[in-house]
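Derivation of every value follows stated rules applied to the coordinates shown; laboratory data play no part. Since this is a predicted model, take the numbers as computed values, not measurements. Because the Cβ atoms are built from the backbone with ideal geometry, glycine has one as well, and the counts that use them run over all protein chains shown.
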Amino acid sequence: MITDHINAERANAKKAGKSGEEHNAALLRYFNPAGSHPSGIMGEDPQGVPYNLLPLLAQVAVGKREKLLVFGDDYSSKDGTAIRDYIHILDLARGHTVALDHLRSKHPGVRAWNLGTGKGSTVYDMINAFSAAVGRKLPYEVVGRRAGDVLDLTANPTRANKELGWKAERTLEEACADLWRWTESNPQGYRQEPPREFVEKLMKGRK
Ligand SMILES: O=c1ccn([C@@H]2O[C@H](COP(=O)(O)OP(=O)(O)O[C@H]3O[C@H](CO)[C@H](O)[C@H](O)[C@H]3O)[C@@H](O)[C@H]2O)c(=O)[nH]1
């Protein structure tokens, strides 16, 4: 829809003898957003039952949920669990700002970019990485596959790397550590004041 809109605006501008190059749009293909703001004061605060792997693991870690249900261990991956491309939310956020800069400076029209790391991780990789951040093993149970899930969704971010000069830089370990800091320190999510020392540290860093 946005593609049609931009193309129509460009075509109209051309008819009117103008370049139309001010009409641009970025189609940003998110892979699996992970982590939280490193300050520990901003993060995902799911209402009701979360759907995604990391928020569910976080609830297991704080005891809101007894265990994680692993949806299938019979995929043709190294450990049988499905593969996704988990990207730190700050890398994802930066992908937006560099894409906007690109639209402003290059006027490409409508252009799509994959915002992923290019590295796939299995469900077990994620359980291990998040367990390491928490400092203890998190309980899980293997159940059947979830309808609609596929083996592997890993990005090819080459176009974003080349055209936007953007690359995901933060590791899975950082994403897990940041998510855990947020979860552990804000058990009521946004329905509580964030820890004062985190806010002060963030403000100091801004001066
Ligand atoms: O309790 C859970 C939740 C997830 N998983 C597994 O963990 C992986 C990641 O699952 P997510 O739900 O976090 O992410 P998906 O990539 O599967 O799903 C995302 O991509 C989908 C399209 O493929 C939809 O857009 C969906 O809304 C979006 O969250 C998948 O292999 C899934 O099977 C589990 O084993 N147990």
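Structure summary
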item	result
Single unsatisfied condition, residue 77 versus (1) within 14 Å of the ligand (Cβ to nearest atom); (2) closer than 30 Å to residue 196 by Cβ; (3) part of a loop (DSSP other than H, G, I, E, B); (4) in contact with a Ser or Thr (Cβ under 6 Å, 6 or more places away or on another chain)	(2)
Residues of region 146-180 satisfying the condition of being closer than 18 Å to residue 70 by Cβ and part of a loop (DSSP other than H, G, I, E, B)	146, 147, 148, 149, 150, 151
Pick from region 80-97, criterion in a helix (DSSP H, G or I) and crowded, with 17+ Cβ neighbours inside 10 Å, ranking: farthest from the ligand (Cβ to nearest atom)	94
Residue selected from region 12-34 under the condition closer than 16 Å to residue 109 by Cβ and of a type in the set (A, V, I, L, M, F, W, C), by the criterion surrounded by the fewest Cβ atoms within 10 Å (Cβ to Cβ)	27
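Residue-wise test of (1) of a type outside the set (Asp, Glu); (2) within 10 Å of the ligand (Cβ to nearest atom); (3) at negative phi.
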site: 104; (1), (2), (3): yes, no, yes
site: 111; (1), (2), (3): yes, no, yes
site: 116; (1), (2), (3): yes, no, yes
site: 120; (1), (2), (3): yes, no, yes
site: 135; (1), (2), (3): yes, no, no
site: 146; (1), (2), (3): yes, yes, yes
site: 151; (1), (2), (3): yes, yes, yes
site: 154; (1), (2), (3): yes, no, yes
site: 158; (1), (2), (3): yes, no, yes
